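Before any comments, here is the structure.
The values are calculated or read from the model by the stated rules, or taken from the named source; none is laboratory data. Just so it is clear, the structure is predicted and the values come from calculations on it, not from any experiment. Using ideal geometry, Cβ is built from the backbone for each residue, glycine included, and neighbour counts are taken over all protein chains shown. When the accessible area is computed, the model is the full protein with side chains, heavy atoms only, and any ligands, DNA or RNA have been set aside. Shrake-Rupley method; radii C 1.70, N 1.55, O 1.52, S 1.80 Å.
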Amino acid sequence: MSRKELISKVGLRLDGRRADELRRIRCKLGVFSEPDGSAYIEQGLTKVLAAVYGPHQVRGNRLKAQADAVIINCQFSMAVFSTSERKKRPRGDRKSTELSLHLRQALIAAIEVEKYPWSQIDVYVEVLHADGGIFPACVNAATLALIDAGIPIKEYVCACTASIANNNQAMVDISHEEEILGGPTLTIVALPMSEKIVLMEMSQRFHLDHLKSVLEKALEGCKNTKNILDQAVQNHIVDVGASTGWASTGEKVKR
Amino acid sequence: MHTTKIFIKKNKIGNYLKHAREHYIRDDIYCGFESCDKCTRATSNLSSKHVNKCNLLKNNHYLILDTNVILDQIDVLDENVIGNVIILNTVLKEVKHRNMPIYKRLISIIENPSRHFYIFVNDFNKGTYLKQELTELINDYNDRCIRKACSWYIEHIPDETFVLLTEDKNNRAIAQQEDIPAYSIVEYVQNLTANENLIDKLAKKEFQEKFNAADIFPPHLTIVEIDKGIKDGRLHQGTFRASRDNFLEGSVNIQSFEEDVILRGYSNLNRVIDGDVVAIEVFQKDQWVSPSELVLEDDTVNALDDNLERKELEISKQRTSKKNIKPTGRVVGIIKRKWRQYCGILQEGSAAVYHLFLPADRKIPKIRIETRQAETLKTQKIIVAIDSWPRNSRYPNGHFVRALGKIGDMKTENEVILLEHDVPHSQFSEEVLSCLPKLPWLITEEDEKVRVDLRGIDICSVDPPGCTDIDDALHCRPISDDKLEVGVHIADVSHFIRPYTALDTEAASRSTTVYLVNKRIDMVPDLLSSNLCSLRGGEERFAFSCIWEMDHNANILNTKFHKSIIKSKRAMTYEEAQLTIDDKTQTGSLAESLRNLNKLAKFLKKRRMDNGALVLASPEVKIMMDSETHDPIDVEVKKLFETNSMVEEFMLLANISVAEKILNDFPDCAVLRRHPEPPALNLEPLVKAGKHLGFEINIESGKKLAESLDQATRDDNPYLNTMLRILATRCMLQAVYFASGTFQKHEFFHYGLAVPLYTHFTSPIRRYADILVHRLLAVSCGADATYPDLMEKKKTAELCQNMNYRHRMAQYAGRASVALNTHLFFRGKIQDEKGYILYVRKNALQVLIPKYGLESTLYLGKKDEKLDIFTYNEEDQTQRCADVVFHAFDPVTIRLSMDSKNIQHEKFVLQLVFPVIEGFSVPPLEDVEMPEPEIPHKKRKK
Ligand SMILES: [Zn+2]
């Protein structure tokens, strides 16, 4: 019953992390000038770009417009070179459509939708390189891009994965290698500050005995991710501020 | 939180795909030294209290090992002498990759705190990580990493000495250039103070003295050549099975031949050992031979004698009868060695340091070892491992691993039985024990909510005396005038053993509890097997219940399954239960329910028999032990009561009901038990034996067979029927576990029980199959959650395979233990006993002595030749001497004694007492009261 040992005798994972450590996150806001907001994120080797347009008037079928809430339109795609085997279709396949829907659901939970009736926000995410946990990276990138676009959100919406190693140890932020060798993966999208879970998905069924610990790990991962994103946003504000003459105050924030 | 600083990408090219993987280099890895103030502390077993003393070095020192040292010399590392060893992660990973069993042994050494081993994760440590060069071979890279770690330690802890042990000359030379002290393990061990016994344990690739001896075996082909040969169809792959009786003969089963291919003679066998997977070449038909009936033992005693010719001659002398020739061939290469460690003894007669080791398993050749402690080892059972078998050596080279204890000692012999039958019997590890519930174990309100409370019902268990792992209990109560409620309650083991825990993995690996005569090797730790899971009288326990509504004729009206809490009123023995039933003055509810159960069981049994279930027999004996000395004091046949059958019927019924339920709910992954119908060929001896006695044994179907067995009785020989059944039992195939998705529906049939579906549900404490069945049933009735492996038929099939293997081995081990104790009991005794002839052979009679459940051979003359006073009639299967004729199943009186000349293979010696044959039989012992046996020597009409 034992699958491959994903945490070694000394408590390290295949890439050298401990069970509760996230991969390195690097991110940047405002990477494009064309969209209203944009962000780039690296979680380990998974790299995602996000762009946000809007809010703007509802395009296309005007009948879709809603009186009480903004329409959120999400599109997920993967670059053809993002996986080790070249992808044939970057978007529009079943998986992309499903992830687009999930992303929309995640963002609706964070955006103050009632602020922009009769309008629309478009969110584009593109995976440049996939190495496990692509959906969480997309959610995190989209959050940053929304912030860059200045769209009011209730709080950060963050996502993270978790799984079970060696049949009984929960571990967080699953890399592609671990996804392949290991057991089922749990993905959650959460509002970490209010500890609300927005979305939860399992690649396979978990044994009930393990679900609680895996869920806790994933939630903890979301909180840690939020702290890192928060830091990135603050740094970004300082940088932007510096270029617009708030330099002195910016310095203070930095210290 | 996240202390990762540097980040290096590793690229792996394969199949034209580029994979990138992350590799986090850490700065928080502990060096393992308590004295260090540079590192973050963690746990480490290294200790300044342990001192390694070696003449090569002035001071105490710490050892860093290369992979080859661990792979070749794990037996040396097993010894307590060597401690304070740093195992680099690079090395650990390589060992794991190259040899899993050695890896497991290494881990258990590392986990033992008194050995002071420490794993240093050099490949993730900032100071010791190295990047692999593009053109660098993996071996060179690993060597470089190992040396880097050595120099790092030398610099990191300047006060201590670090020594690299490696078998690789090249690596040693470079290390010395880099100022790292480096030695080979042989050098190191030879210079250890107090090394005496350790030297013996060094693996021998080559014995020095024999370096320039001429080759006596042909070379083996390389793997590439073998692959090519197999593709061309010139060579065949198969597993080698050595002959038990002739050490120069064996056979290989290959797919393209219906019959096994015979291999004979030294050079054709070409250094193959039982179990090895080999490539063979099959000879032209004119060179084929028939299997020899010869018993040939390797009687060489000189360890350095490499002369093969003498024995070869003997075997070539044997004339081949043209009639019975079989495909014959020779070994040209070894595909996979299946060497294990062997139990056995040192052979007397060798001088100096080279000795021959005599394995207990007759199929394994003698092994040459080097030891300086032969005097002590001669009285011991020892374990030896094979290291190599070079072309110039008549014997494989091996080394002494450890001594098990004194020859003939009960503890030693039990150990030998367990080892030789591959029974996992080490203590449960800490990790496994940590999965057990904490005491005191209490039933919570939660438990009460999800379980049916049956504590008020009069439940009892019926088992053999002294049983402490009680896994079943029963009840029966009337629920209306014409209806009874019957319950079978099975210990809820799956409540305690959760999937994906170390406990579960261990139980799955063991698969069964093994019963030796005076020792039980549990499948699950004692706390569960004898306490929390055992349905002891008067204690509240969790159970999985199977409840039927029945009418008074034992027709099932309704079946349900649920988890429950029970409180057994009493744990009874079969005898007590029988007395309770028979004692009419007892009218309590327990007695009443036992009577009802007994009544119902009779209906059930009748119905089963009518369907054609076979009643088989095998003489089961019970060995009475002296409670003080643990020596066997008597051997007797097990007594059976009506209540044995009563309990059995309800267990069968529960198993059948559960099998139907789980197959219905899980058509693909239900764990079931099938018993295939034996092919007609197997049953031939039975049919023949019947024919000679004048009975027609019909083997058309199980039902027909059962009927004809029932009719085969004769008033003048009441034991005859039992004998036939014993014979029938031996013709049967083994029943096996399987996953329902891996067989066709019609193959599910259980031949012996004559039921279409069967499984094991009733003994989860001692069988892993039952745990799986419990889990399936729990999912089925919503009492527990499922998990992915349970639903995967491939996983289930793998588990079944292991369970079947362990089961078989447990049976063999049990029998070996009974045989051992019977031998011990008979040592030095001479007795006349009544027996029955089981088979008539060309030069012997196979005799069964029911009193001891013992079967042995009465030779009609010396081993290979036959006294000419006997005439063998192959047609009738009789032996005749004047007017005495021996038929199969005839009663005889036999003198039993023990031949202990060969201490590893003691055997019974039988002599005929009655019927009297002038010049052959012996007079009866005077002090034995001789029952007058039925007269066998009157010629019977057919
Ligand atoms: Zn240190």
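Just wondering, is there one or more residues in the range B:807-823 that are farther than 30 Å from residue B:410 by Cα and either hydroxyl-bearing (Ser, Thr, Tyr) or within 14 Å of another protein chain (Cβ to nearest Cβ) (or both)? Among the residues of the range B:807-823, not one is farther than 30 Å from residue B:410 by Cα and either hydroxyl-bearing (Ser, Thr, Tyr) or within 14 Å of another protein chain (Cβ to nearest Cβ) (or both), which makes the answer no. If you filter the range B:840-849 down to residues that are modelled with pLDDT under 80 and open to solvent by 20 Å² or more (accessible area, probe 1.4 Å), you find that the one that is nearest to residue B:814 (Cα to Cα) is B:841.
Have a look at B:129, B:153 and point out the one that is among the hydroxyl-bearing types (Ser, Thr, Tyr) and in a loop (DSSP other than H, G, I, E, B).
B:129
Residues considered: B:768, B:737. Of these, the only one that is under 24 Å from the mean Cα position of the chain (by Cα), within 14 Å of another protein chain (Cβ to nearest Cβ) and within 21 Å of residue B:524 (Cα to Cα) is B:768. If you go through the range A:123-157 and keep only what is surrounded by fewer than 20 Cβ atoms within 10 Å (Cβ to Cβ) and within 17 Å of residue A:30 (Cβ to Cβ), you end up with A:126, A:150, A:153. Scanning the range B:139-152 for residues that are in contact (Cβ under 8 Å) with a residue 12 or more places away in the chain and either exposed (fewer than 15 other Cβ atoms within 10 Å of the Cβ) or away from the ligand (no atom under 16 Å from the Cβ) (or both) yields a total of 6.
With the structure loaded, tell me whether residue A:100 is touching a residue at least 24 places away in the same chain (Cβ under 8 Å) and more than 14 Å from every other protein chain (Cβ to nearest Cβ) or whether it fails that test.
Against the criterion (touching a residue at least 24 places away in the same chain (Cβ under 8 Å) and more than 14 Å from every other protein chain (Cβ to nearest Cβ)), residue A:100 qualifies.
Please go through the range A:190-206 and pick out each residue that is open to solvent by less than 20 Å² (accessible area, probe 1.4 Å) and under 28 Å from residue B:499 (Cα atoms). Matches in the range A:190-206: A:199 only.
From the list A:41, A:108, A:25, the lone residue that is within 15 Å of the chain's Cα centre (by Cα), closer than 23 Å to residue A:153 by Cα, facing chain B (nearest Cβ under 10 Å) and not hydroxyl-bearing (Ser, Thr, Tyr) is A:25.
Filtering the range B:772-792 to residues that are within 12 Å of chain A (Cβ to nearest Cβ) and at pLDDT 90 or above leaves B:772, B:775, B:778, B:779.
Here B:822, B:759, B:786 are screened, and the one residue that is without any contact (Cβ under 8 Å) to a residue 24 or more places away in the chain and of a type in the set (S, T, N, Q) is B:786. Tell me whether the range B:55-74 contains one or more residues that are away from every other protein chain (no Cβ under 11 Å), at pLDDT below 90 and open to solvent by less than 20 Å² (accessible area, probe 1.4 Å). Yes, the range B:55-74 contains a residue that is away from every other protein chain (no Cβ under 11 Å), at pLDDT below 90 and open to solvent by less than 20 Å² (accessible area, probe 1.4 Å). The residue that is nearest to the ligand (Cβ to nearest atom), among those in the range B:26-73 that are outside any loop (DSSP other than H, G, I, E, B) and among the charged types (D, E, K, R), is B:26. Considering the conditions (1) more than 14 Å from chain B (Cβ to nearest Cβ); (2) buried (at least 19 other Cβ atoms within 10 Å of the Cβ), residue A:46 is excluded by exactly one of them, (1). Is it the case, given these coordinates, that residue B:86 is within 14 Å of another protein chain (Cβ to nearest Cβ), within 16 Å of the ligand (Cβ to nearest atom), outside any loop (DSSP other than H, G, I, E, B) and surrounded by 20 or more Cβ atoms within 10 Å (Cβ to Cβ)? When the stated conditions are applied, residue B:86 passes them.
Residues that are of a type outside the set (Gly, Ala, Ser) and within 30 Å of residue B:802 (Cα to Cα) number at least 1 in the following helices (runs of 4 or more DSSP H) confined to the range B:361-450: B:410-420, B:430-433.
For (1) in contact (Cβ under 8 Å) with a residue 60 or more places away in the chain; (2) under 30 Å from residue B:740 (Cβ atoms); (3) open to solvent by 10 Å² or more (accessible area, probe 1.4 Å), each residue gets a yes or a no:
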site: B:679; (1), (2), (3): no, yes, yes
site: B:682; (1), (2), (3): no, yes, yes
site: B:685; (1), (2), (3): yes, no, yes
site: B:688; (1), (2), (3): yes, no, yes
site: B:698; (1), (2), (3): no, no, yes
site: B:703; (1), (2), (3): yes, yes, yes
site: B:713; (1), (2), (3): no, no, yes
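I'm trying to understand the selection: among the residues of the range B:153-192, which are within 16 Å of the ligand (Cβ to nearest atom) and open to solvent by 50 Å² or more (accessible area, probe 1.4 Å)? Within the range B:153-192, B:154, B:155, B:158, B:159, B:160 qualify. Taking the conditions exactly as written (more than 14 Å from chain A (Cβ to nearest Cβ) and without any contact (Cβ under 8 Å) to a residue 12 or more places away in the chain), does residue B:801 satisfy them or not? No: the conditions fail for residue B:801.
Scanning the range B:468-508 for residues that are open to solvent by 10 Å² or more (accessible area, probe 1.4 Å), within 14 Å of chain A (Cβ to nearest Cβ) and modelled with pLDDT under 90 returns B:500, B:501, B:502. In the range B:511-531, the qualifying residues are those that are open to solvent by less than 10 Å² (accessible area, probe 1.4 Å) and assigned to a helix (DSSP H, G or I), and the one that is nearest to the other protein chains (Cβ to nearest Cβ) is B:528. From the list A:85, A:114, the one residue that fits, being farther than 19 Å from residue A:140 by Cβ, open to solvent by 90 Å² or more (accessible area, probe 1.4 Å) and without any contact (Cβ under 8 Å) to a residue 40 or more places away in the chain, is A:85.
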